[in-house]
1. Condition (residue is over 18 Å from THR27 (Cα atoms), within 13 Å of the ligand (Cβ to nearest atom) and in contact with a Ser or Thr (Cβ under 9 Å, 6 or more places away or on another chain)) applied to segment 226-241: is it met by at least one residue?
2. Could you identify the single residue in THR60, THR51 that is touching a Leu at 6+ places or on another chain (Cβ under 7 Å), modelled with pLDDT of 95 or more and within 16 Å of the ligand (Cβ to nearest atom)?
3. Name, by its number, the condition in (1) closer than 30 Å to GLY266 by Cβ; (2) surrounded by fewer than 17 Cβ atoms within 10 Å (Cβ to Cβ); (3) of a type in the set (D, E, K, R) that does not hold for GLU126.
4. Can you tell me which residue is nearest to GLU40 (Cα to Cα) among those in segment 145-202 that are over 18 Å from the mean Cα position of the chain (by Cα) and among the polar types (S, T, N, Q)?
5. Considering only segment 66-154, give the helices (runs of 4 or more DSSP H) lying wholly within it that have at least 1 residues that are in contact (Cβ under 8 Å) with a residue 24 or more places away in the chain and of a type in the set (Val, Ile, Thr).
6. Could you please find all residues in segment 161-181 being away from the ligand (no atom under 13 Å from the Cβ) and assigned to a loop (DSSP other than H, G, I, E, B)?
7. Only one of (1) within 16 Å of the ligand (Cβ to nearest atom); (2) part of a helix (DSSP H, G or I) fails for ALA211. Which number is that?
Amino acid sequence: MPSPSRSPGESRVRLLPTETPFPVHVTPDRPTAERAVACEIAELVRSKSRTVLGFATGSTMCGVYAELVRLVREEGLDLSGVVAFNLDEYLGIPAADPRSFRSFMRHALFDYVNVPEDAIHIPDPELARFDPAGYGLRYEETIRAAGGLDLQLLGLGRNAHIAFNEPGSAADSRTRVVELDDVTRRVAESNGTAGFAVGSAPTRAVTMGIATILEARRLRVLAFGEEKAQAVAATVFGPRTADVPASLLQGHADVEVWVDTAAAAGLAPGVGES
Ligand code: GLP
């Protein structure tokens, strides 16, 4: 649980009072959640000489990364001891393409902070395409050799996917090449952040598996907006099932979910209303 002193905005956070499988923080707006999560990351980084962080892409993460950049620029946060691993990447999109997750991470974070270049790991779609099994094993081994993920950030797909673990992904799945769900492709084609024209979203990706993600010591899930409300409700209250990949996070020892009022709409009447 976060301490009340963690973030200036956190006094406005409401915790669900009841029997959720993990803490769910409902905030009146996105920035409150973004600042709180960035602040937790900063505290973790300051407490260790080396921190292994798992990063996620997607519009959900933009505010968290903007806050990390601010902490580096204005409050002297030093990310030189961070080892970074990203969750996933599209296959068939060149690294330099603005729609690649590598480009996203550069523009959202890595170009503005001092994570060492050789400590940034983003799944390589070309290597994954030519040797999917071997590449998956090597990515996992690199994470293990770094000491394992101290904290993994996660967004939610509308179908409750985490990374690119689409519905049907097994709890023991590992880093691998996957086929993308139609829902995911349609969202990528209608969402300004992803930038794909209709019919042009990639069909495959390389992604950490559910088991890989569950090995992270802390998991922090963020979801904003009414379009995520159903996925959030299924993640928190639904049965633990591969049909709802994020529900497989239930049972992890240290997972916390941060949602705004709109994304909390399916949790309980009145939750998040101040
Ligand atoms: C992609 C990523 C996910 C991310 C999701 C949500 O599918 N693979 O890791 O959680 O997008 O995107 P957004 O934050 O734009 O809603």
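The values are calculated or read from the model by the stated rules, or taken from the named source; none is laboratory data. Only a predicted model underlies this, so the values are computations on that prediction, with no experimental measurement involved. Because the Cβ atoms are built from the backbone with ideal geometry, glycine has one as well, and the counts that use them run over all protein chains shown.
1. No, there is no match, as no residue in segment 226-241 is over 18 Å from THR27 (Cα atoms), within 13 Å of the ligand (Cβ to nearest atom) and in contact with a Ser or Thr (Cβ under 9 Å, 6 or more places away or on another chain).
2. Just one listed residue meets the conditions, THR60.
3. Evaluating GLU126 over (1) closer than 30 Å to GLY266 by Cβ; (2) surrounded by fewer than 17 Cβ atoms within 10 Å (Cβ to Cβ); (3) of a type in the set (D, E, K, R) leaves (1) as the failure.
4. Taking the candidates together, the pick is SER190.
5. Ranges flagged: 132-145.
6. Residues satisfying the conditions are GLY168, ALA170, ALA171, ASP172, SER173, ARG174, THR175.
7. So the condition that ALA211 fails would be (1).
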